[in-house]
């Protein structure tokens, strides 16, 4: 089956068309920021840029990021085949300037020019029982990836114990450390538990949730809301120029932890939260949300 | 809005204060991680020779009293003609180890980027009369429109994001967030938000 064409369309859409829920929350926050403030003006420029990118089919941000894919597929399909077609779609999207070439050899410093390299794209394949594919794509810039951070509890300097209050304490410090560097206002994906690598994967996966949804776990839903409100009291604001809008959302997921470990992992998604989910049916039909 | 044309005189830079909105017109050069390291190792630490000397002469022409833009653009190529499609700023703090030396070496009047820079650069801006200008991170399509012409590209072998792109801009809008008098919005914001963080953690 043709994987390449829908993949190309998914990449193009992610690069040029910011998700509606992210636009909506920025419009809402823009209205709340003080008149004539830097924060209001920055959010205005951001929203103008989002419009322009959509109309002219240009990348919203020049940093089209490290390509992250979380794929759910029906039994009986080859991940080798999928990877091959995905790579072809990525090469074409790079040629068409929807992606900037971002895969650099660590030893030689050479850019491959087509976004294909060791570990690039970053793909997680998950077989599931449904009869269709769900392909989750995130184009996440390097600046925002750089401000991600992993804590292990307890942390005595933050008086953070091994409980949800401890989680809140280190996340707030993480947001403080990020300042405007990850292109605030951002969305936090938080993974609690797991091993170190799993906790990062978990935190990134949370970012596919809608900005305004709440965790199905009641205690986590309260924590998400609490962290969002507290972080916005820091006053960092859009681009770190000051203001009410430091974060747009907080999304928390958990894995069971080893008795000796308690990881809290933060992945920071910039305001240009280019994440899209494609439902791809076996007859080739697809929808992108 | 303060309109400035490149190259910029020292006197005009001294007038700029944190918070000023600036519109730039003229020629500037993009340079980010690889380029800064290269300038440091091939120009500053040793006298440039041969091809490096040619590159230095070209860059000096545009950068003396000029501006470096921390940017790794998306550029369309059509029969050797380049067009900037998306060109927002990249995070500047990664150039902190090099920036002051680069400002001094070329006689730069400013750098444009995002996220601000540290104490070493703030001191460099004071010592060499330059400013740090903040563009809106991620507003790449919009900023790309202010790039009217690509005059040339050097060291494209560094890769599209890392090459030196020599560009002519019109009405390139940014905000002064670090001035030549030792003021930094970023430093103030860190102090202010640290106070709020301490309050939240005391609860």
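Read the figures in this text as sums done on the coordinates, not as results from a lab. Because the structure is predicted, anything quoted here is derived from the model rather than measured. Using ideal geometry, Cβ is built from the backbone for each residue, glycine included, and neighbour counts are taken over all protein chains shown.
Using the count of nearby Cβ atoms within 10 Å as a rough guide to exposure, how do A:106, A:147, B:150 rank from fewest to most?
The fewest-first ordering by Cβ neighbours comes to A:106, B:150, A:147.
Taking Cα centroids, how far is the range A:88-149 from the range B:80-97 in Å?
So the separation of the two Cα centres works out to 20 Å.
Can you give the FRET efficiency to the nearest 0.05 for residue A:132 and residue A:233, using r as the Cβ-Cβ distance and R₀ = 51 Å? Walk me through the numbers on the way to the answer.
Details: r = 43 Å, r/R0 = 0.84.
According to the calculation, E is roughly 0.75.
How high is the relative contact order of chain A? Use alpha-carbon pairs under 8 Å, at least six apart in sequence, and give a whole percent.
25 percent
Which values, in whole Å and largest first, are the semi-axes of the equivalent ellipsoid of the range B:91-187 obtained as the square root of 5 times each eigenvalue of the Cα gyration tensor? Show your work: numbers first, answer last.
On the way: eigenvalues 108, 53, 31 Å².
Ellipsoid semi-axes (Å, largest first): 23, 16, 13.
Enter the per residue convex hull volume of the protein assembly as shown, computed from alpha-carbon coordinates, in Å³ rounded to the nearest integer.
Per residue, the Cα convex hull of the protein assembly as shown comes to 154 Å³.
Cα axis of helix B:50-63 to longest principal axis of chain B: angle in degrees, 0 to 90, nearest 10?
Orientation of helix B:50-63: about 50 degrees from the principal axis.
Pairwise over distinct Cα atoms, reciprocal of the mean inverse distance: report the Kirkwood radius of the range B:108-159 in Å, one decimal place.
It is 13.4 Å.
Rounded to whole Å, give me the distance from the Cα center of the range B:25-71 to that of the range B:138-175.
Distance between centres, Cα-based: 15 Å.
Could you give the length gained by full extension between residue A:164 and residue A:125, i.e. 0.36 nm per residue of separation minus their alpha carbon distance, to one decimal place?
Numbers: separation 39, 0.36 × 39 = 14.04 nm, distance 3.06 nm.
Fully extending the segment from residue A:164 to residue A:125 adds 11.0 nm.
So if I take the centroid of the Cα atoms in the range A:216-289 and the same for the range A:40-83, what is the distance between those two points in Å?
Value for the Cα centre distance between the two parts: 16 Å.
Full extension from residue A:37 to residue A:80: what is 0.36 nm times the residue separation minus their Cα-Cα distance, to one decimal in nm?
Fully extending the segment from residue A:37 to residue A:80 adds 10.3 nm.
Efficiency by 1/(1 + (r/R0)^6): what FRET value for residue B:23 and residue B:64, r their Cβ-Cβ distance, R0 = 25 Å, to the nearest 0.05?
After rounding, the FRET efficiency stands at 0.70.
Assuming a viscosity of 1.306 mPa s and a temperature of 10 °C, what translational diffusion coefficient in µm² per second does Stokes-Einstein assign to the range A:18-76, Rh being the Kirkwood radius over Cα pairs?
For these conditions, the coefficient is 115 µm²/s.
Return, for the Cα atoms of the range A:143-269, the radius of gyration and Dmax in Å, separated by a comma.
Cα-based Rg and Dmax for the range A:143-269 come out at 13.3, 42 Å.
Hey, could you pull the Cα Rg and Dmax for chain B, both in Å?
Final numbers for Rg and Dmax: 17.0, 63 Å.
Would you work out if chain A is rounded, prolate or oblate? Take a ≥ b ≥ c from the square roots of the eigenvalues of the alpha-carbon gyration tensor; rounded if a/c is under 1.5, else prolate when a/b is larger than b/c, oblate otherwise. All intermediate terms of the calculation are to be shown ahead of the outcome.
Working: a/c = 1.69, a/b = 1.25, b/c = 1.35.
Verdict is oblate for chain A.
What ranking, highest mean first, results for peptides B:15-26, B:100-111 when packing means the other Cβ atoms within 10 Å averaged over each residue?
B:100-111, B:15-26
How many nm is it between the label spots at residue A:95 and residue A:1, if each spot is 7 Å from the Cα in line with the beta carbon?
According to this spin-label approximation, the distance is 2.5 nm.
Mind giving me the nanometre distance, one decimal, between the label points for residue B:194 and residue B:81, set 7 Å out from Cα along Cα→Cβ?
Inter-label distance under the simple model: 5.3 nm.
I'd like the orientation of helix B:96-106 relative to chain B: the angle between its Cα long axis and the longest Cα principal axis, in ° from 0 to 90, rounded to 10.
Between the helix axis and the principal axis of chain B, the angle is about 50 degrees.
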